[in-house]
Amino acid sequence: MWFFARDPVRDFPFELSPEPPEGGPPGPWTLHRGRKKATGSAVSIFVYDVKAGTEEQTQVAKAAFKRLKTLRHPNILAYIDGLETEKCLHIVTEAVTPLGTYLKARAEAGGLKEQELSWGLHQIVKALSFLVNDCNLIHNNVCMAAVFVDRAGEWKLGGLDYMYSAQGNGGGPPSKGIPELEQYDPPELADHSSRAVKEKWSADMWRLGCLIWEVFNGSLPRAAALRNPGKIPKSLVTHYCELVGANPKVRPNPARFLQNCRAPGGFMSNRFVETNLFLEEIQIKEPAEKQKFFQELSKSLDSFPEDFSRHKVLPQLLTAFEFGNAGAVVLTPLFKVGKFLSAEEYQQKIIPVVVKMFSSTDRAMRIRLLQQMEQFIQYLDEPTVNTQIFPHVVHGFLDTNPAIREQTVKSMLLLAPKLNETNLNVELMKHFARLQAKDDQGPIRCNTTVCLGKIGSYLSATTRHRVLTSAFSRATKDPFAPSRVAGVLGFAATHNLYSMDDCAHKILPVLCGLTVDPEKSVRDQAFKTIRSFLSKLESVSEDPTQLAEVEKDVHAASSPGAGGAAASWAGWAVTGVSSLTSKLIRANPTPMPSETTVTQRSVPEGDAAPPAPAPDTPTTSGHWETQEEDKDTAEDGATADRWDDEDWGSLEQEADSVLAQQDDWSVKGPGSRAGQVSHSDHRPLESAWNSWEAEGSWDQGWQEPSSVESPPEGTRPASEYNWGGAEPSDKGDPFAALSVRSSAQPRPDPDSWGEDSWEGVEAESRQMKAELARKKREERRREMEAKRAEKKATKGPMKLGARKLD
């Protein structure tokens, strides 16, 4: 039976790259790129050919193999594996590039920054300090060829071939026999007759001075060139001169050299070095120190090298989140570093962390994620969004903090294109219906309308027909003026999604009612939108063959491409109202009963002005009693929670002008007035997620008010005014006699236009209706006052968080 010897090189778990060698230290060593056969991870392989070297060089190479295998330090080339045969030596290390090659490549790309060079030299000096002070070893080969750079830009000390013990064990320094290396030897070694007193580190520190000179000035031609510092920075020249001094006794210990360079104003005293030193010791830092570090890190990343951010900062950020409980502070630097990653790397490193973050109950974490969603949404696939992210995001719609509710609404602009049929057309619409009808914050109701208009093109045809007209009609009856503007602009932005019949019978009646709105900004937008719809109807009337083309999108499936067309129709509401919400939170940490300070229109004498809270329910006649009772109860229990002790307002940048009016109706809408609305009572929301499924449905939530608001006594029909005749009118502004709607007073139902005659109604009939309405309000006011007195006498004030029972 024959036995064949196995080839150790073939069985070696690493293989050389077919690319030519990258070079290496002077001598028989050559540096090759390689990879691990099992995983394909990149490595560097130093190969020594026994046949090409002398016996003495072979012994030196074997000694270097042994030294590198036993020495472990972050700043010394990391040994992974090795192979020793009769023909060759293989040393496998982390993937590195020779410093000379690295500097040349970076010089072609614009050169290294001074802070990068300072940290690289810091690492080499620290490695020398470890060898001399901790191991009592003399490197004896510090030069450009003995330094390597890894993928993160970290400098590593290699070239351990000629290392020897400082205590004299094993003889003196080995002979090099290579002229390229002997030029780095200090002058005292050449003078054999000299008996100058020196320290054990003196020779290596001289060689360090040679390395510094080469880093800034290129290859060292001869030792005499060291007298001219050349391009060495002024902050380093003094310390450099100590290294290359003729007296070896004066040369500083590596540890003292580091201390001198780290002094204030020194070459190694900068933010980049401080950041690296902190990262090296981050595991033993206090939590408060880590928090402060990560908060300041984001500002510094812009000036740091890209490779450093990807390969050194990013792993520390991921580790800090995974095991260090760093929380929301890691998000900003994490997403900033993520910009340097490829799509594949982002999926592997960032997305799993993001998905895990969405399940966090930390409010600061949740709001930061929502604010920065734009940076990672493109890397999320639809199954991940629908199964792992959306179920957690929707909890924000029910959060007691207005800032989180608002950011959740705004995030739907990014999530909507990736949501499936059920989440988009059922779940999301249910939440939007509840927010628009019941949220006590006017800006949030406004933003809900804006968001609905922007994602309308993604909805199914059935949902669009059922939701959009009712939703925007409700918005036009909101007591918050910007919400009414958003409703008008919502109609304009989604005009292609309505049939001509709906335009004529449902939309135009609503818009016509807004032409007498107390706010001029609302009237202006209403007139422009009316003209747009009328021109559309007129074009179809002139040429009925255009009907199919005009209504082509009405019954079409969801069209994601159309979402971009409406992207700017009300951008002011999403960006500006967020600042308004923040201002409201900061200005009123304890919510007070809401008052609408918009100018009230004159109420006839004797009429009791109805209360004006921001409505929690649709303002239909059927809800009027409930609203009054709720308001009375809320007034009795005016103590509300402070939305926790966190300064949520500081999470967002305030705009200089929160809500500025704009003239371009197709791009931006008029802004709201931040100073005109204060908080209403913040009522605790239901704790169970499903407790409001029935009441939040579109079918029930979008029902429009059926009662018609009676005009104030003395109001004249529109036909009696001079609307543009040649004769001057001395009757003044027809809108001057109108007052602003009370926030709880219902607007006329647009569908009720058919019950009235456009030819005019007798004045007596109108006055009778107005008188009946006045009497009814007076009776109701007296009843409510009696109820309030009775409740105060029997129950006393309600406690915080107590549920109101019917």
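Some points to look at:
- Flag for Thr93 being modelled with pLDDT of 90 or more and under 23 Å from Leu220 (Cβ atoms): no
- Meets criteria (at pLDDT below 90, touching an Asp or Glu at 6+ places or on another chain (Cβ under 8 Å), open to solvent by 20 Å² or more (accessible area, probe 1.4 Å) and not basic (Lys, Arg)) for Ala63: yes
- In region 493-512 there is no residue matching the filter, namely being under 37 Å from the mean Cα position of the chain (by Cα), of a type in the set (Phe, Trp, Tyr) and assigned to a helix (DSSP H, G or I).
Residue-wise test of (1) at pLDDT below 95; (2) over 18 Å from Glu406 (Cβ atoms); (3) of a type outside the set (Lys, Arg); (4) open to solvent by 10 Å² or more (accessible area, probe 1.4 Å).
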| site | (1), (2), (3), (4) |
| --- | --- |
| Pro443 | yes, no, yes, no |
| Gly453 | yes, no, yes, no |
| Ser460 | yes, yes, yes, yes |
| Ala492 | yes, yes, yes, yes |
| Tyr498 | yes, yes, yes, no |
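- Residue match in region 83-101 (condition: part of a helix (DSSP H, G or I) and closer than 24 Å to Ser269 by Cβ): yes
- Taking region 277-321 as the range and being among the basic types (Lys, Arg) and buried (at least 17 other Cβ atoms within 10 Å of the Cβ) as the test, the residues that pass are Lys290, Arg310, Lys312.
- Restricting attention to region 378-397, the residues that are assigned to a helix (DSSP H, G or I), under 22 Å from Ser342 (Cβ atoms) and open to solvent by 10 Å² or more (accessible area, probe 1.4 Å) total 5.
- Identification of helices (runs of 4 or more DSSP H) wholly contained in region 124-223 with 3 or more residues that are modelled with pLDDT under 85 and surrounded by fewer than 20 Cβ atoms within 10 Å (Cβ to Cβ) yields 179-182, 187-190.
- Residue match in region 468-478 (condition: open to solvent by 20 Å² or more (accessible area, probe 1.4 Å), in contact (Cβ under 8 Å) with a residue 40 or more places away in the chain and not in a loop (DSSP other than H, G, I, E, B)): yes
Yes/no matrix, rows are residues, columns are (1) surrounded by 17 or more Cβ atoms within 10 Å (Cβ to Cβ); (2) modelled with pLDDT of 95 or more; (3) on the phi > 0 side of the Ramachandran plot; (4) assigned to a helix (DSSP H, G or I):
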{"position": "His239", "(1), (2), (3), (4)": "yes, no, no, yes"}
{"position": "Gly266", "(1), (2), (3), (4)": "yes, no, no, no"}
{"position": "Ser269", "(1), (2), (3), (4)": "no, no, no, no"}
{"position": "Thr275", "(1), (2), (3), (4)": "yes, no, no, yes"}
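- Considering the conditions (1) open to solvent by 10 Å² or more (accessible area, probe 1.4 Å); (2) in a helix (DSSP H, G or I); (3) under 25 Å from Glu281 (Cβ atoms); (4) not hydroxyl-bearing (Ser, Thr, Tyr), Phe340 is excluded by exactly one of them, (2).
- Qualifying residue in region 531-542 (condition: of a type in the set (A, V, I, L, M), closer than 30 Å to Leu424 by Cβ and in a helix (DSSP H, G or I)): no
- Some residue of region 314-332 being among the hydroxyl-bearing types (Ser, Thr, Tyr) and either in a helix (DSSP H, G or I) or in contact (Cβ under 8 Å) with a residue 40 or more places away in the chain (or both): yes
- Checking each residue in region 277-292 for being more than 30 Å from His239 (Cα to Cα) and either without any contact (Cβ under 8 Å) to a residue 24 or more places away in the chain or not in a helix (DSSP H, G or I) (or both) picks out Gln283, Ile284, Lys285, Glu286, Ala288, Glu289, Lys292.
The values are calculated or read from the model by the stated rules, or taken from the named source; none is laboratory data. Computed from a predicted model, the values in this text were never measured in an experiment. When we count neighbours, we look across all protein chains shown, and the Cβ atoms used for this are built from the backbone with ideal geometry, even at glycine. These area figures cover heavy atoms from the full protein model, side chains too; ligands, DNA and RNA do not enter into them. Shrake-Rupley method; radii C 1.70, N 1.55, O 1.52, S 1.80 Å.
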